[in-house]
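Asks: I'd like to ask you about the structure that follows.
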Amino acid sequence: MTRELTVAAGQLGPVARDESRASVVERLISLLHTAHHRRAELVVFPELALTTFFPRYWEEGPEVIDAWFETEMPGPATKPLFDEAAHLGVGFCLGYAELTPDGHHYNSQILVERDGREVARFRKIHIPGHEDHEPWRRFQHLERRYFEPGPDPFGVWPAFGTRVGMMICNDRRWPETYRVMGLQGVELICCGYNTPVHYAPDPSQDILAPFHNQLVMQAGAYQNGTWVVAAAKGGVEDGVDSIAQSCVIAPSGQVVAQAFTAGDEVVVATCDLDWCQRYTTTIFDFDRYRRPEIYTRITAQRGVDRAGDEQARR
Ligand code: CDT
């Protein structure tokens, strides 16, 4: 008997700066219903799904900043989503800005099982952008001002009859993200993202933004023999265009389903979970072929070390 799980990416179009959480939650519930109708058992929603992508604004004062964050999950605004999901028997993964009781600010994602049970919380590990106001940019990307990097390593949890991992947006660009989960037997990675088309430090990359989005996730899926479900908040949000292209990627690296629009849309695929083993027991049989003793630089060093240049010149 094959192990199958039908999953969905619940893509959101733009969320206006003044749109209420209640309104966004209504949209999420509508996506949930469509996904359920199409037999999905797990819906992945975008990063920071409940508000506009607020790191594009320079905000001052703890009260103003903290207003973008959730202090409870579920809280009063999100409880209807949790209730409806449990009622339908659909699990979900939701990205939100988390303010913990002891005052930490994280860019987080929660994984909730079909019976409403919280499986895990994941805090984004790679925090991109900048800390200070940089008015030369068309818009800010102040994630490094608003979020601390997640303190925990990438985890993998038994849930949905498989082994589920999580990553958030910029995490998907780093090969270490997938490999750390691959080494824990991951079979399905959930990812929410907000990716502006325009990249101020090097606009020559703008035209390649959708290509890079697929490139990194297809490579990560294939090299670790895992499914990836990725959900965007796409479209033009307060004048800033973000890529959509939510998708489901197979352990072969192939995109098996993808969004057609940059608005609210559900992308569904049925994942054969045993397909992972075709890769993890053959070309990527880690136990047989990896050489961790040769890769020690990866964890010993952060930036580039060109100390070997001098020796090479001699
Ligand atoms: N949200 C997020 O992590 N976005 C980044 C944009 C590029 S860095 C300014 C990303 O990696 O898609």
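Asks: Running a GNM on the chain with Cα contacts under 10 Å, which residue among R39, R138, R21 ends up with the highest mean-square fluctuation?
Replies: Between R39, R138, R21, it is R138 that shows the largest mean-square fluctuation.
Asks: For Q311 and D152, FRET efficiency with R0 = 30 Å and r from the beta-carbon atoms, rounded to 0.05?
Replies: FRET efficiency, D152 to Q311: 0.20.
Asks: Let me make sure I get this right: for the stretch 1-69, a, b and c are the square roots of the gyration tensor eigenvalues over alpha carbons, sorted descending. Under 1.5 in a/c it's rounded, otherwise prolate if a/b > b/c, else oblate. Which is it?
Replies: It is prolate, given that a/c is not under 1.5 and a/b is the larger ratio.
Asks: Please check: in the Gaussian network model of the chain (C-alpha springs, under 10 Å), which one of R297, R121, R278 has the largest mean-square fluctuation.
Replies: R297
Asks: Order the peptides 199-205, 14-20 from the highest to the lowest mean number of other Cβ atoms within 10 Å of their residues.
Replies: Order by mean packing, descending: 14-20, 199-205.
Asks: Go through L111, I283, V256 and say which Cα lies farthest out towards the positive end of the charge dipole of the chain; charges sit on Cβ, +1 for Lys and Arg, -1 for Asp and Glu.
Replies: I283
Asks: For E70, which sequence-distant residues (separation of 5 or more, or a different chain) have an amide H within less than 5 Å of its own amide H, given hydrogens modelled in the peptide plane?
Replies: Long-range HN contacts for E70: A97, E98, L99.
Asks: For the chain, what is the mean residue ellipticity at 222 nm derived from helices alone (per DSSP H run of n ≥ 4: -39500 (n - 2.57); sum divided by total residues; nearest 500 deg cm²/dmol)?
Replies: Counting only the DSSP helices, I get -7000 deg cm²/dmol.
Asks: Okay, next question. How far is the Cα center of the stretch 47-88 from the Cα center of the stretch 257-281, in Å?
Replies: 27 Å
Asks: Determine the percent antiparallel among the DSSP beta bridges restricted to the chain, to the nearest 5.
Replies: 65 percent
Asks: So, one more: At a 10 angstrom cut-off on C-beta neighbours, averaged per residue, how do the peptides 102-108, 149-155 rank from highest to lowest?
Replies: Order by mean packing, descending: 102-108, 149-155.
Asks: Under unit Cβ charges (Lys, Arg +1; Asp, Glu -1), what dipole magnitude, rounded to 20 debye, does the stretch 135-246 have relative to its Cα centre?
Replies: So the magnitude is around 80 debye.
Asks: So, in Å, what gap is there between the alpha-carbon centers of the stretch 90-154 and the stretch 182-237?
Replies: About 16 Å separates the Cα centre of the stretch 90-154 from the one of the stretch 182-237.
Asks: Can you find, among T6, V236, M73, the residue farthest towards the positive end of the dipole of the stretch 4-313? Put +1 on the C-beta of Lys and Arg, -1 on that of Asp and Glu.
Replies: So the residue furthest toward the plus end is T6.
Asks: Which of the DSSP-defined H helices in the chain satisfy a minimum axial length of 20 Å, computed from C-alpha atoms, and a minimum mean Kyte-Doolittle hydropathy of 0.0?
Replies: Length and hydropathy pass: 21-37.
Asks: While we're here: Tell me, which cysteines of the chain are without a disulfide-compatible partner by the Cβ under 4.7 Å rule?
Replies: C169, C191, C247, C271, C276
Asks: Of the listed peptides 47-53, 238-244, what is their order by residue-averaged count of other C-beta atoms within 10 Å, with the highest listed first?
Replies: Averaged packing, sorted descending, gives the order 47-53, 238-244.
Asks: Shifting gears a bit: Running Debye on the stretch 4-313 with equal point scatterers at the Cα sites and no solvent, what base-10 log of I(q)/I(0) appears at q = 0.11 Å⁻¹?
Replies: -0.65
Asks: Grab the alpha carbons of the stretch 49-169, take their convex hull, and tell me the volume per residue in Å³.
Replies: Dividing the Cα hull volume of the stretch 49-169 by its residue count gives 112 Å³.
Read-outs: derived from the displayed coordinates by stated rules, not from any lab. Predicted model only: the values in this text are computed from it and were never measured. Glycine gets a Cβ as well: all are built from the backbone with ideal geometry, and neighbour counts include every protein chain shown.
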